[in-house]
Amino acid sequence: MKLTVYHDGQYWIGVVEEQDQGKLKAARYIFGTEPKDEEILQFIREEMGELVSRLSQEVAIKWSETKKANPKRLARQAACELRRKGVSSYAQEALKLEYEKRKLEKQAYTKQQKESTKARIRELKEKKAKEKHRGH
């Protein structure tokens, strides 16, 4: 599991990435103001596990074959990784899939609510019309 905390210009955001058997799941958590170390530790202890367990969308990742590398090259790559801000493209893709899934669920729920409201209004109108004609 990997947690990346970065500032997107407005909020501080944490992205949790979990790799399992060639699949990557990612979740986004908005901290708001700059989080202190205690807040990040509390998030890791209490909320991160629950956040990752709710994820269902996965992205297949390709493993590149790594050869024995020059130690200087490894040091440069490590320094580059530390300087790099943001999230991997696989994590972005996983976040996008999770967002789309939630969007579709919300649309289905909203549609169901509208239909039930229309049905209730229709029943009230029918009832009112029957009451008007009952005495004649």
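The values are calculated or read from the model by the stated rules, or taken from the named source; none is laboratory data. On a predicted model such as this, the values are computed, not experimentally measured, just so you know. Methodologically, a virtual Cβ is constructed for each residue, glycine included, from the backbone with ideal geometry; neighbour enumeration extends over all protein chains shown. Heads up: the accessible areas ignore ligands, DNA and RNA and are worked out on the full protein's heavy atoms, side chains in. Shrake-Rupley method; radii C 1.70, N 1.55, O 1.52, S 1.80 Å.
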Take region 38-67 and flag every residue that is at pLDDT 80 or above and either among the small types (Gly, Ala, Ser) or more than 19 Å from Ile13 (Cα to Cα) (or both). Gly49
Yes or no: Lys96 within 17 Å of Ile13 (Cα to Cα) and basic (Lys, Arg)? yes
Matching residues, region 88-136, being modelled with pLDDT under 90, open to solvent by less than 100 Å² (accessible area, probe 1.4 Å) and either part of a loop (DSSP other than H, G, I, E, B) or of a type in the set (Val, Ile, Thr) (or both): Ser88, Gly135
Which of the helices (runs of 4 or more DSSP H) contained wholly in region 5-87 include at least 3 residues that are farther than 28 Å from Glu100 by Cβ and open to solvent by 100 Å² or more (accessible area, probe 1.4 Å)? 71-83
For region 72-88, indicate whether the set of residues that are out of contact with any helix residue (DSSP H, G or I) (no Cβ under 6 Å at 6 or more places or on another chain), touching a residue at least 40 places away in the same chain (Cβ under 8 Å) and among the charged types (D, E, K, R) is non-empty. yes
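Can you confirm whether region 28-35 contains a residue that is among the hydroxyl-bearing types (Ser, Thr, Tyr) and under 19 Å from Lys2 (Cα atoms)?
Within region 28-35, one or more residues are among the hydroxyl-bearing types (Ser, Thr, Tyr) and under 19 Å from Lys2 (Cα atoms).
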Need pairs with beta-carbon distance below 6 Å; first residue on the phi > 0 side of the Ramachandran plot and within region 31-51, second surrounded by 13 or more Cβ atoms within 10 Å (Cβ to Cβ); sequence gap 6+ or separate chains. none
